[in-house]
């Protein structure tokens, strides 16, 4: 590739990641006009599926996307994922009922699962010598922070001043421009000799992730944790996981080779990324709940408190480039990022109270973002640098897969802890009823909720401290990546 093609390729990847991040955030601001337009009587009950359908299909596709990149080449998979995402976006915009919108949202998720993960595979092929830290760190930190900050705002703006359908239609011109630019600029390795694809393993991974996400989404909310539905889903997840591991040992071309876990950087990188997913959800979700329940901040205003975290993410992500050029390694960033995040959670746990200064909360979120920003791009670079070249795709999508599972598990576990501790104060466990209390009963309820929230933040601090210990085990100098012998078996194209 020429230098101009490489620069256009990086721009294409940047726009694609922005598209992915915006779509994760943008819909949340438009749920009310969507329900009012499509199903004002019963649509409110279907809103959870509007979010879950996208999350389930995008997570389920991650392992398969990685394998397809290694077998077919990243360019074909990249363009296929974008085309699927655009088709789903068009159908979402044209939906005439909540049912149609949910199905279209699931189709959009099939493509959306590749927007972030496959794009990072493409970036790995575009990078030249010495560009690992600068390109990856800047890209990860800036777009993650920007997407978090402006996603809900853009969604609300379009819903209020245009029409909610433009939330989905706006993807079309941007996505088509990305497809055209990718067709002319991206000159990536192709694989003329086809290898078999483990579709059975991919299906088992999809079944496991879908069941697990439904357990974390429904447990304690739609159904009690001890209900037959939740217990049945948990059992299905365990069975699917056991069958998946069995399949990966025996498949000639496993979709997530267990040999990856024999490489220390990959093993530790996957673990830290899963913890990071849990901790980020803890910081975002439970700080917003605290602001709304304990401090009376409206839901729309509470979202603005994420701006400091977004600024911290973008700033620290940007600084990883210059610091990397001065000799900072991915190991150094991982240790620094996990330690900074642990400190931010400890401060939240120590200072959060019924009357804490909201500016102090903003400062602590800024510090948390500064820690997360050092990890978002660097963990991917760490894994990509240690993975065998012919398994670059499965290694890159694997780290996104573990982050998704970590986010789901973290939200569920922290939520269960918060509910149990709140109920232990004799409040009955229903946080939503707190707004209806008055006088001393309301003050007691707020103190009970704040005490429970502090424990959740201490849990986040403990998780990031554990991640710091894992980061310290990373080798100071990475050995050469193991090379997989060339495959002799071929299948017809």
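The values are calculated or read from the model by the stated rules, or taken from the named source; none is laboratory data. Predicted model only: the values in this text are computed from it and were never measured. Neighbour counts are summed over all protein chains in view; Cβ atoms, including those assigned to glycine, are modelled from backbone coordinates with ideal geometry.
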Query raised in the report: Could you say whether any residue in region 349-358 is in contact (Cβ under 8 Å) with a residue 40 or more places away in the chain and within 23 Å of the chain's Cα centre (by Cα)?
Result: no
Report summary line: Selection over region 457-493 where residues are buried (at least 18 other Cβ atoms within 10 Å of the Cβ) and modelled with pLDDT under 90 yields a count of 2
Requested in this report: Determine if region 237-247 includes at least one residue that is buried (at least 22 other Cβ atoms within 10 Å of the Cβ), closer than 18 Å to residue 402 by Cβ and at pLDDT 90 or above.
Outcome: yes
Query raised in the report: Which numbered condition trips up residue 338, out of (1) closer than 22 Å to residue 264 by Cα; (2) within 18 Å of the chain's Cα centre (by Cα); (3) modelled with pLDDT under 90?
Result: (3)
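Table: residues versus (1) within 30 Å of residue 70 (Cα to Cα); (2) in contact with a strand residue (DSSP E or B) (Cβ under 7 Å, 6 or more places away or on another chain); (3) touching a residue at least 12 places away in the same chain (Cβ under 8 Å); (4) crowded, with 22+ Cβ neighbours inside 10 Å.
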| residue | (1), (2), (3), (4) |
| --- | --- |
| 298 | no, no, no, no |
| 313 | no, no, yes, yes |
| 317 | yes, no, yes, yes |
| 327 | no, no, no, no |
**Report entry** Unmet requirement for residue 422, which otherwise passes all of (1) within 21 Å of residue 222 (Cβ to Cβ); (2) surrounded by fewer than 20 Cβ atoms within 10 Å (Cβ to Cβ); (3) modelled with pLDDT of 80 or more
**Finding:** (2)
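Test of understanding: among 276, 256, which residue is farther than 25 Å from residue 461 by Cβ and crowded, with 22+ Cβ neighbours inside 10 Å? Write out each step before concluding.
Numbers: 276 fails: farther than 25 Å from residue 461 by Cβ.
Only one candidate passes the filter, namely 256.
Each row is one residue, and each column tells you yes or no for (1) touching a helix residue (DSSP H, G or I) at 6+ places or on another chain (Cβ under 9 Å); (2) outside the structural domain of residue 378 (by TED's automatic domain parsing); (3) within 22 Å of residue 362 (Cβ to Cβ).
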position: 298; (1), (2), (3): yes, no, yes
position: 305; (1), (2), (3): yes, no, yes
position: 311; (1), (2), (3): yes, no, yes
position: 327; (1), (2), (3): no, no, no
position: 334; (1), (2), (3): yes, no, no
position: 340; (1), (2), (3): yes, no, yes
position: 343; (1), (2), (3): yes, no, yes
position: 348; (1), (2), (3): yes, no, yes
